[in-house]
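Colleague: Would you mind keeping the following structure in view while I ask a few things?
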Amino acid sequence: MTAFSRLFYKTEDFECELLLSSLNSRYLEISIRVPEFFGGKRWELETLLKEQLLRGKVIFQAKITFTQKYLKENVVINGDLIRSYFSQIDALELPLNITIGDLMKLPHSVESLNTEINEGEWDLFRGKTAQLVDLFLKEADKEGSRLERDLKKRLQEILKTLHRIEKGSEETVRHYREMLLNRIEKFQADDIVDEGRLCKEISLFAESSDFTEEVTRLKSHCEAFGDFLAENAYEKGKKISFLLQEMNREINTIGSKCKNSDISLLVVTVKEEIEKMREQIQNIW
């Protein structure tokens, strides 16, 4: 489901910005981007997200800005180690332009005394994350309502087009019969054409181009699609996705049977609508 939420909160030690976003995906893929400050809590955070989210490429971000008071109390510059680094580098007598900033990036030059979030801060963070997910799901519901309206509109378009295909099927057989009779008349072959053979030819054509069963099944799938869309079921998006595959199979069969260019264009219209629905359905959990 495509959605986004943001939440801010403060403590005595830091300010925190939480971000949660998601893009379309058939499966649930969670990416967690948090500072080392959270240490071994990442798996708990991932579990919390998996309990609420079902599909999508989900990105969770936590941006921490520590207060000056916290930094003064918990961050230590290892002066002796930095001087040692400088002396050893200077002894190499290489033409290097080393700055104090470069030295402070070397291992253990700057260390934090409190490297992990404590349990009290974690409880607060977990509660704020739950609020963030609630905001995300409310936004997803809004997107879901818009998506439902779009899918229903496309479903109605498919049903209208199927009605036109049915009417076109009847006209196709009649047109084929008229074409044969016109050719017989044009070549003045009335006396050499067997009427029984002509009827058989028209019957075979009608049978080979008959897609009544496919249209009936496709209509039934459309009805089931509407039912699935309305139900409040777990992972209904997967059920609808499978149903769309069946709908696509039926319209492909109709396309292979039709002998009329006008109907072929209508088949293309239905296929386009189904393809758009298949793209949209990845938004549904």
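Colleague: Output yes when any residue across region 67-87 is closer than 18 Å to Asp134 by Cβ and of a type outside the set (Gly, Ala, Ser), and no when none is.
Modeller: Kept after step one, since they are closer than 18 Å to Asp134 by Cβ, are these residues of region 67-87: none.
Looking through region 67-87, none of the residues is closer than 18 Å to Asp134 by Cβ and of a type outside the set (Gly, Ala, Ser).
Colleague: Here is a check on your reading of the model: is Glu139 surrounded by 14 or more Cβ atoms within 10 Å (Cβ to Cβ), under 30 Å from Lys236 (Cβ atoms) and modelled with pLDDT of 85 or more? Steps first, please.
Modeller: Details: surrounded by 14 or more Cβ atoms within 10 Å (Cβ to Cβ): yes; under 30 Å from Lys236 (Cβ atoms): yes; modelled with pLDDT of 85 or more: yes.
Here the answer is yes, as Glu139 does meet what is asked.
Colleague: Can you name every residue in region 1-17 that is among the hydrophobic types (A, V, I, L, M, F, W, C) and under 20 Å from Asp141 (Cα atoms)? Spell out the reasoning first.
Modeller: To start, the set of residues in region 1-17 that are among the hydrophobic types (A, V, I, L, M, F, W, C) comprises 1, 3-4, 7-8, 14, 16.
Met1, Ala3, Phe4, Leu7 - these are the residues of region 1-17 that are among the hydrophobic types (A, V, I, L, M, F, W, C) and under 20 Å from Asp141 (Cα atoms).
Colleague: Yes or no: Ser21 surrounded by 13 or more Cβ atoms within 10 Å (Cβ to Cβ), polar (S, T, N, Q) and within 23 Å of the chain's Cα centre (by Cα)?
Modeller: On the way: surrounded by 13 or more Cβ atoms within 10 Å (Cβ to Cβ): yes; polar (S, T, N, Q): yes; within 23 Å of the chain's Cα centre (by Cα): yes.
So Ser21 passes the test.
Colleague: I'd like to know if region 210-218 contains one or more residues that are surrounded by fewer than 18 Cβ atoms within 10 Å (Cβ to Cβ), modelled with pLDDT of 80 or more and within 26 Å of Leu54 (Cβ to Cβ).
Modeller: As a first pass, look at region 210-218 and keep what is surrounded by fewer than 18 Cβ atoms within 10 Å (Cβ to Cβ): 210, 212-213, 216-217.
Checking the rest, the ones that are also modelled with pLDDT of 80 or more come to 213, 216-217.
In the following step, the residues that additionally are within 26 Å of Leu54 (Cβ to Cβ) were identified as none.
There is no residue in region 210-218 that is surrounded by fewer than 18 Cβ atoms within 10 Å (Cβ to Cβ), modelled with pLDDT of 80 or more and within 26 Å of Leu54 (Cβ to Cβ).
Colleague: Just a yes or no: is a residue in region 94-117 within 31 Å of the chain's Cα centre (by Cα) and small (Gly, Ala, Ser)?
Modeller: We begin by selecting, within region 94-117, every residue within 31 Å of the chain's Cα centre (by Cα); these are none.
Scanning region 94-117, I find no residue that is within 31 Å of the chain's Cα centre (by Cα) and small (Gly, Ala, Ser), so the answer is no.
Colleague: Moving to a separate point now. Look at region 27-50 and say how many of its residues are modelled with pLDDT under 85, acidic (Asp, Glu) and surrounded by 12 or more Cβ atoms within 10 Å (Cβ to Cβ).
Modeller: 0
Colleague: Can you tell me which of (1) under 30 Å from Gly237 (Cβ atoms); (2) at pLDDT 85 or above is the one Asn24 doesn't meet?
Modeller: Unmet condition: (2).
Colleague: Just need a number here: residues in region 51-68 that are within 24 Å of the chain's Cα centre (by Cα) and either modelled with pLDDT of 90 or more or farther than 23 Å from Ile281 by Cβ (or both). Reasoning before the result, please.
Modeller: So in region 51-68, the residues within 24 Å of the chain's Cα centre (by Cα) come out as 51-62.
Checking the rest, the ones that are also either modelled with pLDDT of 90 or more or farther than 23 Å from Ile281 by Cβ (or both) come to 51, 58-62.
Result for region 51-68: 6.
Colleague: Within region 265-279, track down each residue that is farther than 16 Å from Val215 by Cα and surrounded by 15 or more Cβ atoms within 10 Å (Cβ to Cβ).
Modeller: Result: Met277, Arg278.
Colleague: Of the conditions (1) in contact (Cβ under 8 Å) with a residue 24 or more places away in the chain; (2) surrounded by 13 or more Cβ atoms within 10 Å (Cβ to Cβ), Leu103 satisfies every one except a single condition; which number is it?
Modeller: (1)
Colleague: Is it true that some residue in region 112-121 is buried (at least 16 other Cβ atoms within 10 Å of the Cβ), small (Gly, Ala, Ser) and farther than 14 Å from Thr11 by Cβ?
Modeller: Taking region 112-121 and keeping what is buried (at least 16 other Cβ atoms within 10 Å of the Cβ), we get 117, 121.
Filter again for small (Gly, Ala, Ser), leaving none.
No, region 112-121 contains no residue that is buried (at least 16 other Cβ atoms within 10 Å of the Cβ), small (Gly, Ala, Ser) and farther than 14 Å from Thr11 by Cβ.
Colleague: Then there is this: Could you run through region 248-272 and say how many residues are assigned to a helix (DSSP H, G or I), touching a Ser or Thr at 6+ places or on another chain (Cβ under 8 Å) and either more than 17 Å from Leu155 (Cβ to Cβ) or of a type in the set (Val, Ile, Thr) (or both)?
Modeller: Here is the first cut: in region 248-272, the residues assigned to a helix (DSSP H, G or I) are 248-257, 261-272.
Those left that are additionally touching a Ser or Thr at 6+ places or on another chain (Cβ under 8 Å): 255, 257, 263, 266, 269-270.
Next, only the ones that are either more than 17 Å from Leu155 (Cβ to Cβ) or of a type in the set (Val, Ile, Thr) (or both) stay: 255, 257, 263, 269-270.
Residues meeting the conditions: 5.
The values are calculated or read from the model by the stated rules, or taken from the named source; none is laboratory data. What you are looking at is a predicted structure, and each value in this text was computed from that prediction instead of being measured. Neighbour counts run over all protein chains shown; Cβ positions are idealised from the backbone, glycine included.
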